Amino acid sequence: MPLLNKVRTAVSGGSGGDTAPLPLSRLRSALTLFFALDGFLFAGWVVRIPAIKQQTGSSAGDLGLALLGVSAGAVVTMTLTGRLCRRYGSHPVTVVTAVLLSLSLALPPLTHSPLALGLVLLVFGAAYGGINVAMNSAAVDLVAALRRPVMPSFHAAFSLGGMVGAGLGGLVAGGLSPTAHLLGLTVVGLLLTAAAGPVLLRHPSPALPEALPANPSHASSTPGRSGARPAGARRAVLVFGVIALCTAYGEGALADWGALHLAQDLDAHPGVAAAGYSLFALTMTAGRLSGTALLERLGQTRTLVTGGLTAAAGMLLGALAPTVWAALLGFAVTGLGLANIFPVAVARAGALAGPSGVATASTLGYGGMLLGPPSIGFLADWFSLPVALTTVALLAAGAAVMGYATRDDRTRAAS
């Protein structure tokens, strides 16, 4: 394992005295910026999809196939990124993938055919998947060094960055061409990477899971770190990945079908219908901002179980309520419930198996976000949209059950 991943970096920063808090606080700030940047850049791309569709002359089907490039690139790269993080360290990989993501964002408006757009989006998706695994791996290491459950705060930064990126994109969409807008975002991404990247490169990961625990009495009971229980660790990582899948399924489903449910099934005004997902995203962000305090108070098991059951109850209300305002309340409760499940699942997978655990959980979670919208569509055709949306509640309840069932794995994995 290269020196980039050694624990010594947790106390680097000067001669004499305990200087650990300074680099750790700087690492947290830098990583928070990268999470926010990721959400900001991705949201900036999403709001320009209609203009890119028109520019490339794509039909709805053509655009759908082209957008699969993002998914394919991300899923393929996530597993590879876990290996790169193990070899070179998660911090350098985060910086490199941030540069690639920023640069690739300028490419879609330069295309003039669905095929070219799809090829470009493969590159964009590869960078997007790569930075998600790398920065989550870095966050897992930092959480271990800080000894505080701050993982939700990083994901809150991603959500806030997405909200800012979408809001800014909506404001400038009428006055700027997609080329100018996305090129501007590329410049912003490169500048922010140049500002925060050196912090990560000077202060590499303070506590990679393989380096812990030092106490031999813990090694025999810690899956995935000592090698004593590799099969158990792999099983636990897969379970946490499925938990991430269950919750990301709900996020993808609400993003694509929430507004339609409000408008079609409850006759909501278009503006109110559009506010449905915004309300969901807002409460999810608020839930993540308070996630650290919640985890410190309840612990991981109760946070997972409470979150899953809360999301299940909220989604049943949102899907089956007879009035618009009750459905909106259900969407808001669902956002609060789902807020911290994905961050906790990824953090636990990373603590059990390092970057490869993060890669596995992220890949499964991303797959859930891709699986949600088409699954809801098929079920809506067979039954109805409200019935289809209840599957979000079903999977959220399943995540709660799995979270409770894995409590012993978390106990054994604690150092």
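The values are calculated or read from the model by the stated rules, or taken from the named source; none is laboratory data. Because the structure is predicted, anything quoted here is derived from the model rather than measured. All Cβ positions, even for glycine, are placed from backbone atoms using ideal geometry, and neighbour counts span all protein chains on display. These accessible areas exclude ligands, DNA and RNA; they are computed on the full protein's heavy atoms, side chains included. Shrake-Rupley method; radii C 1.70, N 1.55, O 1.52, S 1.80 Å.
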(message) Only one of Phe378, Phe342 is open to solvent by 10 Å² or more (accessible area, probe 1.4 Å) and within 21 Å of Phe35 (Cβ to Cβ). Can you tell me which?
(response) Phe342
(request) State the number of residues belonging to segment 49-58 that are in contact (Cβ under 8 Å) with a residue 12 or more places away in the chain and either out of contact with any Leu (no Cβ under 8 Å at 6 or more places or on another chain) or among the polar types (S, T, N, Q) (or both). (result) 5
(request) Sort through Gly61, Gly82, Gly69 and tell me the only one that's part of a helix (DSSP H, G or I), modelled with pLDDT under 95, under 18 Å from the mean Cα position of the chain (by Cα) and of a type outside the set (D, E, K, R). (result) Gly82
(message) Among the residues in segment 95-113, are any open to solvent by 20 Å² or more (accessible area, probe 1.4 Å) and touching a Phe, Trp or Tyr at 6+ places or on another chain (Cβ under 8 Å)?
(response) yes
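Every residue, every condition in (1) in a helix (DSSP H, G or I); (2) of a type in the set (Ser, Thr, Tyr); (3) within 13 Å of Ser362 (Cβ to Cβ); (4) out of contact with any helix residue (DSSP H, G or I) (no Cβ under 6 Å at 6 or more places or on another chain), yes or no:
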| residue | (1), (2), (3), (4) |
| --- | --- |
| Ala74 | yes, no, yes, no |
| Val95 | yes, no, no, no |
| Ala106 | no, no, no, no |
| Val120 | yes, no, no, no |
| Val143 | yes, no, no, no |
| Gly162 | yes, no, no, no |
(request) Mind listing just one residue for me: the one in segment 386-413 that is open to solvent by less than 60 Å² (accessible area, probe 1.4 Å) and either over 23 Å from Leu336 (Cβ atoms) or out of contact with any helix residue (DSSP H, G or I) (no Cβ under 9 Å at 6 or more places or on another chain) (or both) and, of those, modelled with the lowest pLDDT? (result) Ala413
(request) With the checklist (1) farther than 18 Å from Leu238 by Cα; (2) open to solvent by less than 30 Å² (accessible area, probe 1.4 Å) in hand, flag the one item Gly365 doesn't pass. (result) (1)
(request) Kindly indicate whether Thr292 is closer than 11 Å to Ala339 by Cα and of a type in the set (Val, Ile, Thr). (result) no
(message) Need pairs with beta-carbon distance below 6 Å; first residue touching a residue at least 24 places away in the same chain (Cβ under 8 Å) and within segment 230-256, second among the basic types (Lys, Arg); sequence gap 6+ or separate chains.
(response) Phe240/Arg348
(request) Among the numbered conditions (1) farther than 28 Å from Arg147 by Cβ; (2) in contact with a helix residue (DSSP H, G or I) (Cβ under 8 Å, 6 or more places away or on another chain); (3) surrounded by fewer than 17 Cβ atoms within 10 Å (Cβ to Cβ), tell me where Trp325 comes up short. (result) (2)
(request) Select, from Gly13, Gly17, the only residue that is touching a Leu at 6+ places or on another chain (Cβ under 7 Å) and either at pLDDT 90 or above or not in a helix (DSSP H, G or I) (or both). (result) Gly13
(message) Looking only at residues that are closer than 14 Å to Leu27 by Cα and assigned to a helix (DSSP H, G or I) in segment 145-160, which one is most open to solvent (accessible area, probe 1.4 Å)?
(response) Leu146
(message) Conditions first: (1) under 14 Å from Leu41 (Cβ atoms); (2) modelled with pLDDT of 90 or more. Ala74 passes all but one, so which condition is the exception?
(response) (2)
(request) Would you please name the residue that is least open to solvent (accessible area, probe 1.4 Å), looking only at residues in segment 166-187 that are in contact (Cβ under 8 Å) with a residue 40 or more places away in the chain and in a loop (DSSP other than H, G, I, E, B)? (result) Ala173
(message) Any residue in segment 309-322 that is more than 19 Å from Asp267 (Cα to Cα) sitting within a Cβ distance under 9 Å of a residue that is open to solvent by 60 Å² or more (accessible area, probe 1.4 Å) and part of a loop (DSSP other than H, G, I, E, B)? List the pairs, counting only those 6 or more apart or interchain.
(response) none
